[in-house]
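The values are calculated or read from the model by the stated rules, or taken from the named source; none is laboratory data. What you see is a predicted model, and the numbers here were worked out from it, not measured in a lab. Please note: Cβ atoms are built from the backbone with ideal geometry, for glycine as well, and neighbour counts cover all protein chains shown.
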Amino acid sequence: MKARRFIANTFVHILLAVLSFIWVLPIFYVILTSFRKETGSYKSYIWPRGFTLDNYVNLFKPTSQIDFFRWFTNTLVIAIFSTVIAAFFVLCVSYCMSRLKFKMRKPFMNIALILGMFPGFMSMIAVYYILKGLGFLETGILKQVALVMVYSGGAGLGFYMAKGFFDTIPKTIDEAAYIDGATKWDTFLHVTIPMSKPIITYTLLTTFMGPWVDYIFAKVIMGNDTKYYTIAIGLWTMLEKEYIETFYTQFYAGCVLISIPIAILFLLTQRYYVEGLSGAVKG
Amino acid sequence: MGALKKRKFKTTSGRPSDASIWEAFRKGNALTRCSLFIFGLGNILNKQFVRGFLFLAVEIAYLCYMALFGIRSIGNFITLGTVEQGKTYNEALGIYEYTAGDNSMLFLLYGVITLVLSLAVIFAACMSMKSAYCTQVRKERGMHIPTFRDDLLSVREENIHTALLALPIIGIIVFTIIPLVFMILIAFTSYDHEHQPPGNLFSWVGLENFKTMLGQGSKLARTFWPVLSWTLIWAVFATFSCFILGLILALLINRKGTRFKGFWRFMFVLSIAVPQFVSLLSMRTIFNANGPVNVLLRELGMIGMTESVPFFTDPTLAKITIIVINLWIGIPFTMLSTTGILQNIPAELYEAAKIDGAGTLVIFRKITIPYIIFVMTPNLITSFTGNINNFNVIFLLSGGGPDTLDYYYAGKTDLLVTWLYRLTITQKDYNLGAVIGILVFIILATLSLLTYRHTGSYKDEGAFQ
């Protein structure tokens, strides 16, 4: 019996080791290529002939087409603005849907459900023309404002997660505040919001990550305005036919640089995701 | 009958602001009913000047808009333009000169905006009448008639939802609803690559696009059905393979004898922590014809030195490759979500089973599996619909390729969504793109209606309050 359990345990550990090796391998390949000395794209061998830090250093030397640092700041600014607006929208809507009883509540939730079933970028072209019609695609700065609006405008529809969290806060806490003479507004600001740190952090982190990984909308709105690109379109550009031979290794260096903060943020969201799911008041 | 009586009772004694529009119209006096047409009349005559004039200002602004622009845009919306862009030869300069024609696309857009504004004004009309009715009832009952200051203060208490929802809803209308209505309407027009404004006009064609897409014989239909079936096959395989294998992985990590649980979890989660465009683009280069996998196979002597396995260029192999690579992304996700569930299975269940003499296998089959399926069903549905719309994996891995001439601008691995993307962005067949969008919506809506409404979270949302 003991021997059998030992064999089973060894087998499981070996299996897990092999699997996690497979899972980490592509990431390892990205890191390896980012330090590769030889330029050019595909090689007829796997292990690099030499290692260098130049790929990272060169990334910060802007050329006329490729300007990593600028793309980085572009994305950062867009992400910060859209995060603040989107998180505000999400919190407002989810609080209303969870705490307040009013006539349009159920219809609103059903409409949100229906709207969520249309493919997201079916309306992309229409958004593009509306922004164009409003004159938002004239200059690069306005395009960035437009991108912020696109990322945050419809955010109110993504209220399910936060609503689920608010649902777990006992009504009695609100009622206690009302008895003490607080208005609903006071209760929202001074009771609900301070209790909702996990879900606020989760909302902030997830919306913050959006602009860093979105390729489609950013590309449609920015067009060929390389100066105002976000990081995702920028990196994609490096893989295009005319650049791939020169920028292949730098592309990987850029990927590593972006992946580190995003991965850290993601691991953080996982913690808050679990906390958010487990509710506000621990019994 | 009883219910009706109860309702009547409730509305006559309840707060006046709870009255419905219909009730306001039925029970309102002449002044209240007039407020439906002259906004704010009831308020102004009852000395609620600011509120009344705000209503009136809305109406005047709308009427001005309609007179200057709106009526014409509704007319244009019906015809979608009649004057085509003209080209005349200017002999003095020796060049062609263009005379401005109608722009069907803008006509359609302005039409939609005018319709939305009109709906908003109808809503305002109802609000005006309701507001007049409230004042009427309050006056009849001798209650205090709220001043504008009271109105402003009420957003902190009974009208808080209007304050909190106003901005998000405007955002949703401008960035989700108007574009969506616009695109749905385009599905019924001839707005394709041959009818591009401002050079050409397009017009309403009714259900023509749907007929060619769903009918028999046309190249479009010969593309649509295979793409649809691949989309469904993909969604089924991607969802269930990731679910089953991810579940097994979670069980392996969570079993009693396994050590370094946190470490194993971290190793797998790492792959989803990396942004998808990074991991998918590098996967694409890894499986490229000259990528490391082929190099490795060559060095191992499994294929010739100049050969390569056509991971993304052979239609069948490309589909398999994509499903396998998707495992790399999907398994950690399932592992992550099932781990939490596994840890939440009440320990009493296991203890009771053990006392009853159940073996490990029986416990697993009778407790673990049913529990997970019960909790994960909504999750499975969302991941199935998510896979139908899984743009990223296909677009970044194969780009829909390998392309084929049998299809109308689609590749063998294109899903409906990536085909939609191609048709609109590259091909500029906006009407066909819109048709596909609507069909995807119909598929998802049917699926969700069949399954979603049966889940506990929909039926019983207040279970924890």
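A few comments on the model shown:
- Some residue of the range B:357-373 being touching a Leu at 6+ places or on another chain (Cβ under 8 Å) and within 25 Å of B:Ser279 (Cβ to Cβ): no
This table checks each residue for (1) within 14 Å of chain A (Cβ to nearest Cβ); (2) touching a Gly at 6+ places or on another chain (Cβ under 8 Å).
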{"position": "B:Ile341", "(1), (2)": "yes, no"}
{"position": "B:Tyr350", "(1), (2)": "no, no"}
{"position": "B:Gly386", "(1), (2)": "yes, no"}
{"position": "B:Asn389", "(1), (2)": "yes, yes"}
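- Considering the range B:98-156, the residues that are closer than 30 Å to B:Asn431 by Cα and aromatic (Phe, Trp, Tyr) include one that is surrounded by the most Cβ atoms within 10 Å (Cβ to Cβ), namely B:Phe107.
- Residues that are assigned to a helix (DSSP H, G or I) and at pLDDT 85 or above, drawn from the range A:167-181: A:Thr172, A:Ile173, A:Asp174, A:Glu175, A:Ala176, A:Ala177, A:Tyr178, A:Ile179
- Checklist (1) surrounded by fewer than 18 Cβ atoms within 10 Å (Cβ to Cβ); (2) facing chain B (nearest Cβ under 9 Å); (3) assigned to a helix (DSSP H, G or I) applied to A:Phe108, failing item: (1)
- Every condition in (1) among the hydroxyl-bearing types (Ser, Thr, Tyr); (2) out of contact with any Pro (no Cβ under 7 Å at 6 or more places or on another chain); (3) buried (at least 17 other Cβ atoms within 10 Å of the Cβ); (4) within 13 Å of chain A (Cβ to nearest Cβ) is met by B:Ser241 except one, and the failing one is (4).
- Residue within the range A:201-223 that is farther than 30 Å from A:Tyr29 by Cβ, at the interface with chain B (Cβ under 9 Å from one of its Cβ atoms) and not basic (Lys, Arg) present: yes
- Residues in the range B:10-35 that are at pLDDT below 80 and over 40 Å from the mean Cα position of the chain (by Cα) were compared, and the one that is surrounded by the fewest Cβ atoms within 10 Å (Cβ to Cβ) is B:Ser13.
- Among the candidates B:Phe333, B:Phe312, the residue that is touching a residue at least 24 places away in the same chain (Cβ under 8 Å), under 30 Å from A:Tyr45 (Cα atoms) and touching a helix residue (DSSP H, G or I) at 6+ places or on another chain (Cβ under 9 Å) is uniquely B:Phe312.
- One residue stands out among those in the range B:273-297 that are of a type in the set (Val, Ile, Thr) and at the interface with chain A (Cβ under 7 Å from one of its Cβ atoms): the one that is nearest to A:Ser20 (Cα to Cα), which is B:Val274.
- A:Met161 falls short of the stated requirement of being surrounded by 15 or more Cβ atoms within 10 Å (Cβ to Cβ), within 27 Å of A:Met209 (Cα to Cα) and at the interface with chain B (Cβ under 8 Å from one of its Cβ atoms).
- Hits in the range A:182-197 - residues which are at pLDDT 85 or above and not in a helix (DSSP H, G or I): A:Ala182, A:Thr183
- Per the listing B:Val155, B:Val174, B:Val181, B:Val121, the residue uniquely touching a helix residue (DSSP H, G or I) at 6+ places or on another chain (Cβ under 8 Å) and under 25 Å from A:Tyr178 (Cβ atoms) is B:Val155.
- Members of the range B:120-151 found to be over 19 Å from B:Ile38 (Cβ atoms) and within 14 Å of chain A (Cβ to nearest Cβ), listed by number: B:Asp150
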